[in-house]
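Throughout, read-outs are computed from the coordinates displayed, never taken from laboratory work. Note that the structure is predicted; figures quoted are calculated from it, not measured. Positions of Cβ are generated from backbone atoms using ideal geometry, with glycine treated the same way; all protein chains shown enter the neighbour counts.
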Amino acid sequence: PANTDTAGLAARIEAALPDSTVMLGLSAEGVAVTVRRALAQATEWSDYDWQLIHEAPQSPALHMALDEVITAEVAAGLRPPTLRVWEWDSPAVIIGSFQSLR
């Protein structure tokens, strides 16, 4: 139902997944938050209160660690949608979780 809370949706998603399912880059809780946002009919960027993070240059490893934490917090509904500007203090090649070297 449309009024199901995040925990209830996440429990239903988990129950529907086969035991062998491995979710890479997402979680049942993150999907539940996304569904609840979609049900609120938020359709444009301006429908959300955004947080902008732009700090001094940092190491690529620190940027990736921060992105992992911030993304998990946004997915869990613990922080608002966030746009973070990376400025690196050293060169790096970053390959995203759903990208390939090929």
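Worth a mention:
- Once Cα extents along the principal axes in Å is calculated for the structure shown, the corresponding label among (1) 63, 31, 19; (2) 39, 24, 20; (3) 48, 36, 22 turns out to be (3).
- Global geometry of the stretch 49-90, whether rounded, prolate or oblate, following the gyration tensor of its Cα atoms and the 1.5 cut on a/c: oblate
- Nearest-ten-degree value, helix 60-75 long axis tilted from longest Cα axis of the chain: 20
- For residue 57, neighbours were defined as the other residues whose beta-carbon sits under 11 Å from its Cβ, and their charges (Lys and Arg +1, Asp and Glu -1) total -3.
- Taking 0.36 nm per residue of separation and subtracting the Cα-Cα distance, full extension of the segment from residue 56 to residue 68 would add 2.5 nm.
- With 0.36 nm allotted per residue and the present C-alpha distance subtracted, the residue 7-residue 19 stretch has 2.4 nm of extension available.
- Degrees, to the nearest 10: 6-16 long Cα axis against longest axis of the chain: 80
- Nearest-ten-degree value, helix 28-39 long axis tilted from longest Cα axis of the chain: 80
- Estimated dipole of the chain in Debye, rounded to 20 [Cβ of Lys and Arg +1, of Asp and Glu -1, Cα centre]: 260
- Note on 97, 27: ascending count of other Cβ atoms within 10 Å places them as 97, 27, the fewest first.
- Charge tally for residue 86 (other residues, Cβ to Cβ under 12 Å; Lys, Arg +1; Asp, Glu -1): -3.
- Tensor-based shape of the stretch 1-44 (alpha-carbon gyration tensor, a/c under 1.5 rounded, otherwise prolate or oblate): oblate
- Each peptide in 65-73, 48-56, 16-24 was scored by the mean count of other Cβ atoms within 10 Å over its residues; highest first, the order is 65-73, 48-56, 16-24.
- The residues neighbouring residue 4, those whose beta-carbon lies less than 14 Å from its own, together hold a net charge of 0 under the Lys/Arg +1, Asp/Glu -1 convention.
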